[in-house]
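Just below is one structure, and these are the notes that go with it.
The values are calculated or read from the model by the stated rules, or taken from the named source; none is laboratory data. As the structure is a prediction and not an experimental result, all values here were calculated from the model. Cβ sites come from the backbone with ideal geometry, for glycine too, and all protein chains shown count toward neighbours.
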Amino acid sequence: MARFYAACTLGLEAVLAEELRALGAGAVAERRGGASFEGDLALGYAACLWLRSAVRVQQELARGQVHGREDLYQLAASVDWSVSITHLQTLAIDGAVRDSFANDTRFPVLVVKDAICDQFRDHTGQRPSVERDRPDLPLKLVLQGSEAILYRDFGGPPLHKRGYREIQHKSPLNEATAAGLLLRTGWDRKAPLCDPLCGSATFLIEAAFLATDRAPGLGRSFAFERWRDVDLDAWRRLYDDAEARAMRGAAQLPVLCGNDRHPGAMAIAAQAIEAAGFGGRIDLQRSDAADYQPPTRPGMVVTNPPYGERLQPDAGSAAASWHALGNFLHRQCAGAEAWVLCGEPLLSRELGLRSFAKVPVWNGPIECRWLGYRIDG
Ligand SMILES: C[S@@+](CC[C@H](N)C(=O)[O-])C[C@H]1O[C@@H](n2cnc3c(N)ncnc32)[C@H](O)[C@@H]1O
């Protein structure tokens, strides 16, 4: 039985915990910015493949009290590193330090690296090298007070990198955040779903994945696939099952539609939709939200309008965007539920609606609210 930690956007911990329980994880406990859980290694693989709201899945390898270099070295030396990689492979160590014996991450990270390399040198005469880009064994050291935890990162590149996006919109929503927000709405995966300010179509693509039962991790690789203790049979079974589910689910795509006034955003959205495998199956239009006419009356609206931070020069135009969104909701969405990500409380007044839900959630460094509205039918 292994102990894991999955990280997510602040505010989406309950959504992540729910996803973990649905995967069969044991001892699921919400933490700030993530959830801990227990299971076998195959559960770690399934978590990378299936979790929509997680950005990382890490397995705890060692935990202990450390008061200085020697304690930390001994803790790192207590792990048998040859279980994960050979001396011919590569590793990288990320650190996070708070109130510990070290002021920053550089020294403790170096201590851990030395302990690992010394262990390999003692056994093989050679040591693995450090590689920042795509290391075989990405490690994370967390030092908090006198407690140290060492994790190995199952995913490698963050899990929100689904593998379909080549070009970024200027203010895209992280895919894992978009998926978590979508799950939080309770959308039934069947009602027509619309994003009237869709930018690069992150919500629409995550909605398509969700509705068609497509695992968000299909089509990308993970660090654990290169480890010595990987159970390739178990991984193959999980992957084949996810492929079969995606094939079966492909026909279940509901009406998904999006709109944006920016031609560049539209081009990126169309390209991303094509690369994600839904080319021609999601309706895209280019107009001002105030004039937008979706192909079907939406049952669910999810969107992330611009908010600009307070006192920013373009705050006026952000208000105009919210006003246009309000027009769209009143004109085209009778009977629908709408969820709007808001980073500036004053802007939401432009909608002329009263929210029934206000979920605190962070979009990068900005504290936001995921606002739920019911539009009168
Ligand atoms: C924060 S971005 C949305 C990002 C998107 N969620 C993504 O992941 O790429 C806001 C979008 O609203 C669009 N927008 C702003 N005002 C608009 C309006 N009045 N009508 C249509 N689109 C508008 C912008 O062009 C921009 O793409």
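Conditions: (1) in contact with a helix residue (DSSP H, G or I) (Cβ under 7 Å, 6 or more places away or on another chain); (2) surrounded by 14 or more Cβ atoms within 10 Å (Cβ to Cβ). GLN126 meets all but one. Number of the miss?
With respect to (1) in contact with a helix residue (DSSP H, G or I) (Cβ under 7 Å, 6 or more places away or on another chain); (2) surrounded by 14 or more Cβ atoms within 10 Å (Cβ to Cβ), GLN126 is out only on (2).
Condition check ((1) of a type in the set (Asp, Glu); (2) in the same structural domain as CYS8 (by TED's automatic domain parsing); (3) assigned to a strand (DSSP E or B); (4) in contact with an Asp or Glu (Cβ under 8 Å, 6 or more places away or on another chain)) across all residues:
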residue: LEU139; (1), (2), (3), (4): no, yes, yes, yes
residue: VAL142; (1), (2), (3), (4): no, yes, yes, no
residue: PRO158; (1), (2), (3), (4): no, no, no, no
residue: ALA179; (1), (2), (3), (4): no, no, no, yes
residue: ARG184; (1), (2), (3), (4): no, no, no, no
residue: LYS190; (1), (2), (3), (4): no, no, no, no
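Working carefully through the options ARG31, ARG21, find the one that is touching a residue at least 12 places away in the same chain (Cβ under 8 Å) and either basic (Lys, Arg) or exposed (fewer than 15 other Cβ atoms within 10 Å of the Cβ) (or both). Steps first, answer last, please.
Numbers: ARG21 fails: touching a residue at least 12 places away in the same chain (Cβ under 8 Å).
Selected residue: ARG31, the only one of ARG31, ARG21 that is touching a residue at least 12 places away in the same chain (Cβ under 8 Å) and either basic (Lys, Arg) or exposed (fewer than 15 other Cβ atoms within 10 Å of the Cβ) (or both).
Let me spell it out: the conditions are (1) more than 30 Å from GLY343 (Cβ to Cβ); (2) crowded, with 16+ Cβ neighbours inside 10 Å; (3) in contact (Cβ under 8 Å) with a residue 60 or more places away in the chain, and SER146 meets all of them except one. Which number is the exception?
(2)
Which of the residues belonging to the stretch 144-166 are under 30 Å from VAL359 (Cα atoms) and aliphatic (A, V, I, L, M)?
Residue satisfying the conditions is LEU159 alone.
Mind checking which strands (runs of 3 or more DSSP E) fall wholly inside the stretch 265-377 and carry at least 2 residues that are farther than 25 Å from ALA14 by Cβ and within 14 Å of the ligand (Cβ to nearest atom)?
Qualifying strands (runs of 3 or more DSSP E): 283-285.
Mind telling me which of the residues ASP136, ASP118, ASP114, ASP153 ends up being over 22 Å from TYR307 (Cβ atoms), at pLDDT 95 or above and surrounded by 23 or more Cβ atoms within 10 Å (Cβ to Cβ)?
Among ASP136, ASP118, ASP114, ASP153, only ASP153 is over 22 Å from TYR307 (Cβ atoms), at pLDDT 95 or above and surrounded by 23 or more Cβ atoms within 10 Å (Cβ to Cβ).
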